[in-house]
Amino acid sequence: MVGFRLLGRTRRGLAGTSDASTGVAPGWCGRHAHGMDDTSTTGQCLCGGVRFSVAGRLRDVINCHCHRCRRFTGHHMAATAAAREDVHVDDPESLVTWFRPVPECGYAFCSRCGASLFWRGEGAADLSICAGTLDPPTGLQSVAAWWVSEASDYHVRPDLPELERQ
């Protein structure tokens, strides 16, 4: 398979759909130089059943507040992106499941632990990767917020303190 390579068994679709297409994401504002591209970046879901590596450069993080991304992640989607051919997924138990709320896009998650993993839009060369799934250090930074008109009312709190732990 060209691009997004899934190692292991066939991916399963959700809501009766079968998804054999490659993972793609929109070409969001190009890639910035902050991503690590000299070594492979790795990541995984919460349970460790889905692991992946990215051999090329990662785009800096964009926070998407659209209603679909909010519902998929439980907050906003903080996503980086990489060229499809640079993303290699190890999924021996076929845990990656794609949900397609509309024909133009799909969201991938681990069917065991429910972790949000990837986003893709039809016709783009990149695969968006949920930034929280990457193993640090990532060398990335948040550079933009999209769909802020759809951000939840609790999100904008300029005086909210930042805590390292709960």
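Values in this text are rule-based calculations from the coordinates and carry no lab data. Predicted model, so just to flag it, every value in this text is computed and none were measured. Neighbour counts run over all protein chains shown; Cβ positions are idealised from the backbone, glycine included.
Data table
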read-out	value
Inter-probe distance in nm under a simple model that places probes 7 Å from Cα toward Cβ, at Glu122 and His155	2.6
Cut-off 11 Å between beta-carbons: net charge of the residues surrounding Gln44, Lys and Arg +1, Asp and Glu -1	-2
Net +/- balance of residues flanking Phe72 in space, Cβ distance below 14 Å, scoring K and R +1, D and E -1	+4
Label-to-label distance, nm, for residues given as Cys113 and Phe99 (7 Å Cα→Cβ offset)	1.8
